[in-house]
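The values are calculated or read from the model by the stated rules, or taken from the named source; none is laboratory data. Just so we're clear, the structure is a prediction, and the values are computed from it rather than from any experiment. Cβ atoms come from the backbone with ideal geometry, glycine included; neighbour counts cover every protein chain shown.
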Amino acid sequence: MKKNQSDINFFQSHFKVPYSDVGVSGLLKHVAVFDLCQDLASRHAYQLGISAIHVGEKGKIWVVHRYHFDFKRLPFWDEEIRVESYRSPFKRLYEMRSFDFFDENNENIIHGICAWVLVDKESGKPLRLDRVLPDNAMISNRKIEFDFKDIPPVRNLRKTHKFEVLKDDIDFNNHANNASYIKWGLEVLPYSDNAQPIISSLDIRFHKDTGVGTNIIVESFPEKRERGVDYLQSIKSEKGDILASLFISENF
């Protein structure tokens, strides 16, 4: 569909990859990709009057339910990038949003889909969007196509890693930010000292939140492919509750 820049559901931003967000290969860190998407979505939502601040005044919070991202390549330090995003409500329950990163040659190098749900802060139950959002936020002329794959729990041979939720992981909603779960999942991947992992895709489903000072366990089951490795991961609390499920594909 041709972009309509007057469409209130469309938002874009230009930026240069900062040194503070690159890894050992000089490429944008994967976690920074998700941080940038959160920032862009938050700016757009604020413009529409449906940001975390706006819904927070009504006792509601936005919670990420699913992410799916495909990486053709990561941009390098100081490279100029354009990020385009569309939002669209789905079944009155999911706030769907697409993210597309374009380089200076207008090549789409990263594509992602995200699903948010609106939750009552007191009860923790999801809410119908049309009962909270303004009428114009419930209208979209662009359906966001998505097909989130099922992510089973880790049941086979596993490697386990432990992390503590730090104060720096806590966000505006007073729980560990969704990007922290991705950071923990990627942290356990083996890679050399002079190269960042080459991730082709990443899927994550969030089940429960967690707070500062708690200990989490990442269970990871690698399965080799001809030219890469797939990692099935479960992020759990010490009690055994699954907080998030990940599926990461790495290429050689």
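Within the range 88-108, residues that are under 14 Å from F76 (Cα atoms) sit with their Cβ atoms under 6 Å from residues that are part of a strand (DSSP E or B), at 6+ positions apart or across chains, in these pairs: F101/I81; F101/V83; F101/I109; F101/I110; F102/R82; F102/N108; D103/I109; E104/E80.
For G23, state whether it is of a type in the set (G, A, S), in contact (Cβ under 8 Å) with a residue 24 or more places away in the chain and more than 22 Å from S180 (Cβ to Cβ).
no
A quick yes/no check of all residues on (1) without any contact (Cβ under 8 Å) to a residue 60 or more places away in the chain; (2) crowded, with 19+ Cβ neighbours inside 10 Å; (3) out of contact with any helix residue (DSSP H, G or I) (no Cβ under 7 Å at 6 or more places or on another chain):
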site: S201; (1), (2), (3): no, no, yes
site: K208; (1), (2), (3): yes, no, yes
site: L232; (1), (2), (3): no, yes, yes
site: K239; (1), (2), (3): yes, no, yes
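Filtering L189, L246 for residues that are among the aliphatic types (A, V, I, L, M), assigned by TED's automatic domain parsing to the domain that holds D171 and modelled with pLDDT of 95 or more leaves a single hit, L246. Please determine whether any residue of the range 180-192 is surrounded by 19 or more Cβ atoms within 10 Å (Cβ to Cβ), in contact with a Leu (Cβ under 6 Å, 6 or more places away or on another chain), closer than 30 Å to G56 by Cα and of a type outside the set (A, V, I, L, M). Among the residues of the range 180-192, at least one is surrounded by 19 or more Cβ atoms within 10 Å (Cβ to Cβ), in contact with a Leu (Cβ under 6 Å, 6 or more places away or on another chain), closer than 30 Å to G56 by Cα and of a type outside the set (A, V, I, L, M), which makes the answer yes. Where strands (runs of 3 or more DSSP E) sit wholly within the range 162-252, those with at least 3 residues that are closer than 23 Å to L28 by Cα and in contact with a strand residue (DSSP E or B) (Cβ under 9 Å, 6 or more places away or on another chain) occupy 198-206, 228-237, 242-251.
Only one of the listed residues (V64, V83, V33) is among the β-branched types (V, I, T), touching a residue at least 40 places away in the same chain (Cβ under 8 Å), closer than 17 Å to H175 by Cα and in the same structural domain as G112 (by TED's automatic domain parsing). That residue is V64.
Can you pull out the residues in the range 55-79 that are over 16 Å from the mean Cα position of the chain (by Cα), crowded, with 17+ Cβ neighbours inside 10 Å and not in a strand (DSSP E or B)? Listed by number, the residues that qualify are V55, P75, E79.
Take D7 and decide whether it is assigned to a loop (DSSP other than H, G, I, E, B), at pLDDT below 95, surrounded by fewer than 19 Cβ atoms within 10 Å (Cβ to Cβ) and charged (D, E, K, R). Judged against the criteria, D7 is a match.
With respect to being within 29 Å of L243 (Cα to Cα) and touching a Pro at 6+ places or on another chain (Cβ under 9 Å), H54 falls outside the description. Every listed requirement among (1) surrounded by 12 or more Cβ atoms within 10 Å (Cβ to Cβ); (2) assigned to a loop (DSSP other than H, G, I, E, B); (3) within 18 Å of the chain's Cα centre (by Cα) is met by P153 save one, (3). Among the criteria (1) assigned to a loop (DSSP other than H, G, I, E, B); (2) surrounded by fewer than 19 Cβ atoms within 10 Å (Cβ to Cβ); (3) not assigned by TED's automatic domain parsing to the domain that holds P75, the one N105 does not fulfil is (3). Among the residues of the range 167-176, just one is buried (at least 19 other Cβ atoms within 10 Å of the Cβ) and touching a residue at least 40 places away in the same chain (Cβ under 8 Å), namely D169.
Could you please let me know if E95 is in the same structural domain as K125 (by TED's automatic domain parsing), buried (at least 17 other Cβ atoms within 10 Å of the Cβ) and over 20 Å from N178 (Cβ atoms)? Answer is no for this residue.
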